[in-house]
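**Student:** Sending over a structure as structure tokens; questions will come in a sec.
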Amino acid sequence: MTNKKPSNESTGDSNPQHGNDSVVDRRLGVDRRDITPASPSNLERRRGPGRRLTDFVKSAEEGEMSREQYTFLLAIDTFKRVNHKTFPSWTDVLEVVRKLGYRKTMASELNLGDKTKDWTEKPDSISGVNKSSTESE
């Protein structure tokens, strides 16, 4: 018995990743940790030498949540329970965040490229996620 690699001849596909150029074959000697993204977004969490977890993340991972983290966790859990949803959508999560009172009052610290235009709103603006909040004015 010989060890054969699966052939792509039957499908005519010469690239086993089906055109996914972001996959790096580690046998080539390229370390994925050395590859830097074209434009950092400020969302990278991969650590390297000299990069440590922030206290915000570290305490939560160790089981000691801040009041803000715990409130968010309770709000999401309550939303899932009352709406019978095991996995809320991102729109659902944003709705909960808005109902908790969070508003976009500062310029973004993220680099999302040209995909979206940054904006801010007044701290006391309504959430805008349901009719009752828009009718209260």
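**Student:** Return a yes/no flag: does segment 108-118 have any residue that is surrounded by 13 or more Cβ atoms within 10 Å (Cβ to Cβ) and either touching a residue at least 12 places away in the same chain (Cβ under 8 Å) or not in a loop (DSSP other than H, G, I, E, B) (or both).
**Tutor:** There is at least one residue in segment 108-118 that is surrounded by 13 or more Cβ atoms within 10 Å (Cβ to Cβ) and either touching a residue at least 12 places away in the same chain (Cβ under 8 Å) or not in a loop (DSSP other than H, G, I, E, B) (or both).
**Student:** Quick one: what pairs do we get from segment 57-86, first residue farther than 19 Å from Gly101 by Cα, second of a type in the set (S, T, N, Q) and exposed (fewer than 11 other Cβ atoms within 10 Å of the Cβ), C-beta under 9 Å, 6+ apart or different chains?
**Tutor:** Listed pairs, sorted by first residue: none to list.
**Student:** Right, something else. Just to be sure I understand, how many residues within segment 124-134 are modelled with pLDDT of 90 or more and loosely packed, with under 10 Cβ neighbours inside 10 Å?
**Tutor:** Number satisfying all stated conditions: 1.
The values are calculated or read from the model by the stated rules, or taken from the named source; none is laboratory data. In this text the structure is predicted, and so the values were computed from the model without any measurement. As a convention, Cβ positions derive from the backbone with ideal geometry for all residues, glycine included, and neighbour counts pool all protein chains shown.
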